[in-house]
Structure formats: structure tokens, C-alpha cells
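For reference, the structure is listed below as C-alpha cells.
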Amino acid sequence: MKRKNIAIQLFLTGALALTTISGCKKDFYDINEPNPNFPTSVTIKELLPSAEAAIALVMGNNLQINGGLWAQFWTQTTAASQYKTMEQYNPGPQDYDRPWKSLYADALQDLKVIIQKAGEDNAPNYIAIAKILQAYTYQVLTDNWGDVPYSQAVQADEGILSPVYDPQSVVYDGIISLAKEGIATIDESETAVVPGVDDMLLHGDMAVWRKFANTLLLRAYLRLAYVDPTRAQAGITELNTSGAQYLGAGEEVRIDYLSEGGRTHPLYSSIVALGFTQNLVASKTSYDYLAANNDPRLDVLYVPSDFGTGGLLQGAYDLPVGTPYSYPGPITGANGTEEYGAESAVAPVKLMTGYESLFLQAEARLRTWMPGNPAEAYDAAITESFASYAIEADTVAFYLAQPQIAYPTGGSFDDQLKAIITEKWVALNGNGGDEAWTEWRRTGYPDFFTVSVNSLYGGSIFPQRFLYPTDEEASNGSFPGQRQIYDKVWWDVN
């Protein structure tokens, strides 16, 4: 897909400004209360980039950090302390206030208004995009928090100030319905109203929006593979029967950022806000895996620090300052050093990619829920991951030819699934930390994670969910009670 990055970046200036204005007071309001600072006359062309920027803010900052740590791409440096509680598996509810509010009070509120206004404006493609993004956002919420407000969410205008928490199975029903409704609403006729630069993710390419929605459905069904395999198979069979097309080579649902202050990559922006403190460094888990398998992505995903190269054992922030380690590569947005900061500032935030799509298809084929050879999709997914970093094709061929990387066609089901999910984990390094951690929870792969050396729980306990935010406990009369960090969500039955 040919992206119109210059136009998108130009529009980003206004979108981020709008998001900042609309969200500046939201920490003081319940997620279902209308924002008194948000102008009622805002148009759908202004609301759409605001919603997209809010989603990217969470996925590229809060959830990228949390996921990056717990998926063992990154760990806390020895020279600072920002994320020590995460490495202790001891975050507080307050750590989740901002992402929760950004998704509900910014993104979902904006998307709801888009649907209302687009209906009045006879702009079905805006409705389609809003519903697809609602599906995406609710999946992020329920995969990380479990039961969440859905059926009564963002309904303050109807007098619902304490929305009930729906069971995760019910939220998944809604996710699937919203994605299907979005697909059904897409209008690709020549006279249809189509977004332009106000759609920062796909620039109004409705054919790719359809692929995004289909890929989101495929992801949702595979998330149910262990808890409800009958429904998962039926849903994927329905996609097959409908001739669904999915994200493929060169197709990424992403936002590209600007180098100016306040408009940079959200994770880089948080590093700037912390006085350029480089808290995040390479985890030994991922660094050693890439090095052991001669993976050229190692030099893209990690760069040398002043102390050398390598990864720190997960959670080993008590080692002496000066212990050798690498920094995250600037393509991840997680490098705030003087040498790499300019590149990090303009790194993209990716909501979904062609390579994730191909890994999903590989798993669906392996389960025989989708026709085709899983090995072909596996090879194509890795090839697409390399291409996204402009790594030469002959290098990909060498990588795939290694016995430990080549698809284990003659192996067991578990051998093949392990290969698919482990390579998906590699591909999501630095651009899909939350999804990588979520897939580890679902499947148990990779199977070589190490418990943080500073875990407060010890043994083999890993984090399995986010805590509910403090504001929910304080202001939502329907709050169901806090959960423990090690409590599994509904679909996590392994």
C-alpha cells in the first residue's frame, strides 16, 4: 500500500492539538461524563483524527511500555527507576488511570459522536471506520483488564454515570458485531464520502479498512481458540466463505509522527518529559534469542549504549551502573539519546500490520480452520517483517534456511504453533508489545520467559492482567472490585 505520509503528517499537527485540548481536564471526570472543554460543533473530520491519535497514544506509550516489559523485549535500566514496580510485578491501580481514560473518554467518546454525526451527514464510511475502531479499542480494553464496561459505556448523555462491567465473553460478542457492522457499512462506490488526510491511519482507503476489519475478526476468533474453539472455527469458516481478504505485504495500520515538540512519537515524548532519562534497555530474553538465531533485526531493534551491548536479565536493575546493555533501536520510539532521539521522535505507532495478519493466517491454517499451507504463511510473515525494516531479501532467505527457524513441517502441532507464535513475538518487538504479551498469555509461547529477578511473588508467577484504575473504584458505583495482577482473563485457559 502506498502511503501518503506527508499529508498525514501535516494533518497530525491539528489532530494532536485537538486531542490535547479535548483531554486536558479529563483526569478530573468520570469516563462517562461529557467533557465540558470539548466543543459540541466539532465535525467528523476533526473527531476522526482525534480518536485515532488517542488510540495511538495508548498503544504507542502506556501499553507499549507495559507490554514491552512483560513480553521481555525491554527491562528497566540500572541507572534509573521509572519502571521498577513493573519489573517487581507490583504496579499500582493509578498506573492504569491514563490509558483507561484515554481509551474511554477520548477515543470511544469521539467514535460514538462520529457515528451520530456521520449518520446525519450521510457519510457511511465514517460510521464504518468508527465501528471498526470501536471493535479494536474494546478488544484492547478487555484483553488487558478482563471484564470492562461495554453495554453501558460512554452513555453519560443518557444518564448512565456508573456503567456496569460486562463479562469478557459478552464484550467479545460486541467486538465481533462491531467489526461486522463496520464491514457491512463500507461504501466503495465512486460517489461515496471518503475521509482524506483526516484519516491518519489509512487515508480513507476503504479497501484496506475492510482488510483491517477482517484481520481484526481473525485475531478475535483466534483469541477464543482455547476457551471456545467451536465458535472460533465457525467464525473463521464464515470469513473463508465470504472471501475475506486480510492485511498483506506493505499494509500497515499506523500513524507517523513529526519531529516538532508535542507531535513526536508518544513513547519518545514521555522520555522527553522525564528529562531524556533512558529507562528502557534491552532484555536478555529477546536480545539473546535474536543473537543466537543470527537475526539481522537485532541491529534494528537494539543499538549500543555507552556501556556496551547485550541485554540485562529481566528485572536486574540492581546490577552496578555501567553493566553492558543495549538501548532499544530508534524505530521503536523508545530511544531518547542524543544520537538516536531524532529518529525515535518520528517512529511510527502500528495498530496492526501485514506480518501480524500473515502469522494469524498461519495459525488458522495450522488449526485447519482456513485453507492453505501454514508454512507458506509463516515464511511470508517473516519476509514481511524483514521488509518492514528494509532488510534485503537474500538475508531473509538465509534466516529462513536455518534449521532452528525453518517451519517444522514434520513436527507436532505444538512444534508448529510454537514456531508461529515465537516468530510473531520477534516481529512484534518494539511495535506491538501489548499484543506480544497477550499472545504469550493465550498460547504460552515463547516458552523461555524468565521471572523477573526482582519479582515480589517469586516462583513462576507472571503478570496476567492489568489492575483496574483508581478512578473507577472511586467514582463508578458499579465497580466489581479489584483483581490481582496474576488473575487470568477469561480466554486464558492455559
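The values are calculated or read from the model by the stated rules, or taken from the named source; none is laboratory data. Everything numeric here is computed off the predicted structure, so don't read it as measured data. Every residue, glycine as well, gets a Cβ built from its backbone with ideal geometry; the counts of neighbours run over all protein chains shown.
Brief remarks on what is shown
- Scan of region 154-174 for residues that are touching a Lys or Arg at 6+ places or on another chain (Cβ under 9 Å) and closer than 29 Å to Tyr246 by Cβ, ordered by number: Tyr172
- Residue in region 409-423 that is crowded, with 16+ Cβ neighbours inside 10 Å, without any contact (Cβ under 8 Å) to a residue 24 or more places away in the chain, part of a helix (DSSP H, G or I) and not β-branched (Val, Ile, Thr) present: no
- Looking at Gln245, Gln278, just one residue is in a loop (DSSP other than H, G, I, E, B) and under 23 Å from Gly204 (Cβ atoms), and that residue is Gln245.
- When Asp295 is tested against (1) in a strand (DSSP E or B); (2) crowded, with 20+ Cβ neighbours inside 10 Å; (3) not aromatic (Phe, Trp, Tyr), only condition (1) is not met.
- Restricting region 451-488 to residues that are among the hydrophobic types (A, V, I, L, M, F, W, C) and closer than 16 Å to Gly67 by Cα, the residue that is nearest to the chain's Cα centre (by Cα) is Phe466.
- Where Lys424 falls short, out of the listed (1) within 26 Å of the chain's Cα centre (by Cα); (2) more than 30 Å from Gln88 (Cβ to Cβ); (3) not aromatic (Phe, Trp, Tyr): (2)
- Considering (1) free of Cβ contacts under 8 Å to residues at least 24 places away in the same chain; (2) outside any helix (DSSP H, G or I), the lone condition that Asn494 does not fulfil carries the number (1).
- Odd one out for Pro163, checked against (1) surrounded by fewer than 23 Cβ atoms within 10 Å (Cβ to Cβ); (2) out of contact with any helix residue (DSSP H, G or I) (no Cβ under 8 Å at 6 or more places or on another chain); (3) not basic (Lys, Arg): (1)
- Sole residue being among the hydroxyl-bearing types (Ser, Thr, Tyr) and buried (at least 21 other Cβ atoms within 10 Å of the Cβ), chosen from Thr332, Thr323: Thr332
- Some residue of region 116-128 being modelled with pLDDT of 95 or more, surrounded by 20 or more Cβ atoms within 10 Å (Cβ to Cβ) and of a type in the set (Val, Ile, Thr): yes
- In region 297-316, residue farthest from Gly333 (Cα to Cα) [restricted to those that are of a type in the set (Gly, Ala, Ser) and touching a helix residue (DSSP H, G or I) at 6+ places or on another chain (Cβ under 9 Å)]: Ala316
- Meets criteria (assigned to a strand (DSSP E or B), of a type in the set (Val, Ile, Thr) and closer than 15 Å to Thr75 by Cα) for Val321: no
A quick yes/no check of all residues on (1) among the aliphatic types (A, V, I, L, M); (2) outside any helix (DSSP H, G or I); (3) free of Cβ contacts under 8 Å to residues at least 60 places away in the same chain:
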site	(1), (2), (3)
Ile160	yes, yes, no
Pro163	no, yes, no
Val170	yes, no, yes
Ala179	yes, no, yes
Ile183	yes, no, yes
Pro195	no, yes, no
Asp199	no, yes, no
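- One residue alone among Tyr226, Tyr221 is under 30 Å from Gly481 (Cα atoms), at pLDDT 95 or above and either surrounded by fewer than 18 Cβ atoms within 10 Å (Cβ to Cβ) or in the same structural domain as Ile115 (by TED's automatic domain parsing) (or both), and that residue is Tyr226.
- Here the condition is being within 26 Å of Ala381 (Cβ to Cβ) and either among the hydrophobic types (A, V, I, L, M, F, W, C) or surrounded by fewer than 21 Cβ atoms within 10 Å (Cβ to Cβ) (or both); of Gly196, Gly204, Gly248, Gly262, it holds for Gly248 alone.
- Residues in region 389-448 that are charged (D, E, K, R), at pLDDT 95 or above and more than 18 Å from Ala225 (Cα to Cα): Glu423, Asp434, Asp447.
- Residues of region 270-321 satisfying the condition of being on the phi > 0 side of the Ramachandran plot and in contact (Cβ under 8 Å) with a residue 60 or more places away in the chain: Phe276, Asn294, Gly315
- For region 41-66, a residue qualifies if it is farther than 17 Å from Ser269 by Cβ, surrounded by fewer than 23 Cβ atoms within 10 Å (Cβ to Cβ) and not charged (D, E, K, R), and the qualifying residues are Ser41, Val42, Thr43.
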